[in-house]
Amino acid sequence: MVEANGDELAELESLDNGKPLKLAKVVDVPETVAHFRHFAGWPERVYGDVLPVHQDGMLCYTRKEPVGVCGQIIPWNFSLLMASWKLAPALAAGCTTVLKPAEQTPLSALRLGELALEAGIPPGVVNVVTGDGETGAALVDHEGVDKLAFTGSTEVGREIGSKAGRSLKRLTLELGGKSPNIILPDADLDAAVKGSFQAIYFNTGQACNAGSRLFVQRDQFDDVVSALADRAGKTRVGPGLDPATQLGPVVSAEQRQRVLSYIDAGRDQGAELVVGGGSAVVGGGPSLESDGGYFVEPTVFTATDDSLKVAREEIFGPVLVAIPYESLEEVAARANDTDYGLAAGVWTRSLTNAHRLASLLKAGSVYVNCWGEVDPGAPFGGYKASGVGREHGREGLEAYLETKTVWAKLG
Ligand code: ADP
């Protein structure tokens with residue numbers, strides 16, 4: 001039903017979030033469909049084991065049971081897709097759920113709730129509740145909720161995590177990132193530039209796994225930065241419903257202000273602004289706000305100091321910080337010098353270097369000669385302050401199951 005109503009869902013997503021309609025059609029909707037399809041295959045594969053325990057005459061087995069009522073809180077960057085990441089495993093495990101979309105982007109989740117009812121999911125199994133952080137907090141605090149699943153900022157994640165620590169609710173968190181993307185000297189530079197551009201500017205930089213810290217070996221640094229700046233300068237920024245738009249606005253005035261203040265901090269602290277750096281001015285249209293929409297120019301900074309705010313903190317907007325390095329060992333250590341650990345990338349033609357870095361980088365996903373690949377069956381989640389637990393596949397499903405061990409004395 002998501003597939004059949006894909007055009008409508010894509011349009012709702014574009015209206016709500018501002019993302020290009022084309023992006024919603026080729027990414028958000030089909031990946032949501034893939035997620036439901038994947039988890040639709042799990043229910044008949046959820047089973048326990050018979051255990052060869054040492055006691056005579058004892059039957060010992062495990063049952064996998066649904067964890068219960070889930071409170072699921074999602075952000076505004078991929079509302080429909082994040083709803084599927086939450087609902088599909090919960091339903092496959094046999095849970096009921098209360099899903100709270102972000103206050104900025106409630107429409108696609110509400111429509112998904114209607115479709116769930118139309119699809120025959122019994123009333124009360126999938127519940128969509130709109131509201132802001134207060135509503136989210138009420139869900140987190142509610143005694144009837146057994147498991148919390150949250151995707152959003154690390155700040156709110158910490159708060160939910162501490163509450164779950166006290167109430168001992170089950171918990172998964174998918175939080176922020178400041179993901180390092182490393183171009184080695186032996187890389188295919190054209191592919192690395194194209195991929196690194198996508199890594200940061202996809203969804204206007206509003207992706208938790210955005211490749212926002214780009215490390216380039218000193219000898220190639222200037223060439224790579226100028227190629228990226230060239231692309232950024234040519235990118236067409238505009239409203240989501242305009243078919244010519246390549247980069248949509250950020251989600252809200254508040255988010256634009258946040259991104260612009262990071263850009264100011266970058267300038268103030270001595271990062272060099274190569275391209276962008278301001279609100280993009282885009283021709284008005286009937287669906288735009290009076291000030292022309294929440295557009296931000298694709299921005300590239302260079303910096304040599306890893307301690308700058310723009311090099312350490314998650315900006316969640318179209319802002320890249322490029323940083324030169326000398327050696328592989330040095331870049332691995334600098335890449336890992338962050339509170340976060342959601343994703344990391346390596347561009348190289350050397351198998352040895354690829355897998356050496358893949359093992360050295362402390363991140364939940366490592367991309368080699370690509371960026372941002374996802375699959376409903378491939379675990380996704382963070383090391384360190386980027387999260388707790390994993391979503392997708394068996395590990396994602398396990399987060400919605402309890403294991404019960406049954407001991408039966410037979411004789
Ligand atoms: P962002 O800063 O990107 O908007 P947030 O982490 O604030 O991300 O928001 C992500 C989701 O968490 C939204 O659905 C929001 O309403 C919800 N939320 C915000 N604050 C809280 C809170 N204190 N408790 C529970 N949910 C919250």
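The values are calculated or read from the model by the stated rules, or taken from the named source; none is laboratory data. Just so we're clear, the structure is a prediction, and the values are computed from it rather than from any experiment. Heads up, the Cβs are rebuilt from the backbone with ideal geometry, glycines too, and the neighbour counts pull from every protein chain shown.
What the table below lists for this structure:
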| quantity | calculated |
| --- | --- |
| Criterion violated by Cys70 - all others in (1) within 29 Å of Val406 (Cα to Cα); (2) away from the ligand (no atom under 16 Å from the Cβ) satisfied | (2) |
| The lone exception for Phe39 - which of (1) without any contact (Cβ under 8 Å) to a residue 12 or more places away in the chain; (2) surrounded by 14 or more Cβ atoms within 10 Å (Cβ to Cβ) it fails | (1) |
| Test: residue in segment 120-134 that is assigned to a helix (DSSP H, G or I) and not basic (Lys, Arg) | yes |
| Selected residue (only one of Ala363, Ala322 is surrounded by 17 or more Cβ atoms within 10 Å (Cβ to Cβ) and within 19 Å of Ser153 (Cβ to Cβ)) | Ala363 |
| Members of segment 366-400 found to be buried (at least 21 other Cβ atoms within 10 Å of the Cβ) and part of a loop (DSSP other than H, G, I, E, B), listed by number | Trp371, Pro376, Gly381, Gly382, His392, Ala399, Tyr400 |
| Meets criteria (of a type outside the set (S, T, N, Q), closer than 22 Å to Val250 by Cβ and either at pLDDT 95 or above or part of a loop (DSSP other than H, G, I, E, B) (or both)) for Asp56 | no |
| Filtered residue count, segment 96-153, keeping only those that are hydroxyl-bearing (Ser, Thr, Tyr), closer than 19 Å to Arg170 by Cα and more than 10 Å from the ligand (Cβ to nearest atom) | 2 |
| Residue match in segment 402-410 (condition: under 30 Å from Val26 (Cα atoms) and of a type outside the set (S, T, N, Q)) | no |
| Filtered residues of segment 362-411 (kept if of a type in the set (A, V, I, L, M) and free of Cβ contacts under 8 Å to residues at least 60 places away in the same chain) | Val366, Val368, Ala378 |
| The one condition in (1) within 30 Å of Tyr201 (Cβ to Cβ); (2) surrounded by fewer than 16 Cβ atoms within 10 Å (Cβ to Cβ) that Leu15 fails to fulfil | (2) |
| Flag if Leu171 is assigned to a strand (DSSP E or B), touching a strand residue (DSSP E or B) at 6+ places or on another chain (Cβ under 9 Å), in contact (Cβ under 8 Å) with a residue 12 or more places away in the chain and within 15 Å of the ligand (Cβ to nearest atom) | yes |
| Filter result for Gly317 (within 28 Å of Ala10 (Cα to Cα), touching a strand residue (DSSP E or B) at 6+ places or on another chain (Cβ under 8 Å) and not aromatic (Phe, Trp, Tyr)) | yes |
| Top-ranked residue of segment 79-95 - restricted to ones that are touching a Pro at 6+ places or on another chain (Cβ under 8 Å) and within 14 Å of the ligand (Cβ to nearest atom), ranked as nearest to Pro43 (Cα to Cα) | Ala83 |
| Scope segment 256-274; condition in a helix (DSSP H, G or I) and in contact (Cβ under 8 Å) with a residue 40 or more places away in the chain; matching residues | Arg256, Arg258, Val259, Tyr262, Ile263, Ala265, Gly266 |
| Options Leu81, Leu99; residue that is among the hydrophobic types (A, V, I, L, M, F, W, C) and without any contact (Cβ under 8 Å) to a residue 40 or more places away in the chain | Leu99 |
